[in-house]
Amino acid sequence: MTATRGTEAPVGAAAPAVQGTGSAFAGLATRMIAFAADALVIDAVVLFVALVTAAGMSLLHVPDDLRTLAAAVGAGLAVLWAVGYFVFFWAADGQTPGNRMMRIRVQNVDSAGPLTARRALVRVLLLPVSAIPLFAGYLMILVDRRRRALHDRVVRSVVVYAPELRRRTR
């Protein structure tokens, strides 16, 4: 069963309207579910690394000052990991694992291709700005014709429904 109606668009092009939505652009609920899935992946990796590090430090009897420093460095690395996760996937093909699960793609408005790494980085850094005040930047998705949030407008990106990619059989 496919989620799109009509002919499938080529990779990188905007998808046709999805049945039931009347739009090729992903809505707020779809985008939030994809983001939540990505947050689970990011948090699972951070938790695993933190647990392994804590176990190792407990075996070595590390002083409290060094534990505090390790926690601060770990928090910084966790932020870099989260930023790098989104930048990598958005610049590679426009789809994080959560986006792929929800069949959506972040793409450049002009070229319909993936964002550059620089634009993907700016988009990630603007995500918290879209939440201030009272998630107003995200609520723009509900009233914008192309369902763009504040960060999408700034970096000139859109989030579209991506057609299913079929595996080639020989």
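The values are calculated or read from the model by the stated rules, or taken from the named source; none is laboratory data. Predicted model only: the values in this text are computed from it and were never measured. All Cβ positions, even for glycine, are placed from backbone atoms using ideal geometry, and neighbour counts span all protein chains on display.
Summary of computed values
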| read-out | value |
| --- | --- |
| Complete set of residues in the stretch 120-147 that are surrounded by fewer than 19 Cβ atoms within 10 Å (Cβ to Cβ) and charged (D, E, K, R) | D144, R145, R146 |
| Residue list for the stretch 82-119, restricted to those being among the aromatic types (F, W, Y), more than 15 Å from V155 (Cα to Cα) and buried (at least 20 other Cβ atoms within 10 Å of the Cβ) | F89 |
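Let's see how each residue does on (1) at pLDDT below 95; (2) surrounded by 12 or more Cβ atoms within 10 Å (Cβ to Cβ); (3) in a helix (DSSP H, G or I):
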| residue | (1), (2), (3) |
| --- | --- |
| P16 | yes, yes, no |
| M32 | no, yes, yes |
| A37 | no, yes, yes |
| V41 | no, yes, yes |
| L47 | no, no, yes |
| A55 | yes, no, yes |
| T68 | yes, no, yes |
| G74 | no, yes, yes |
| V79 | no, no, yes |
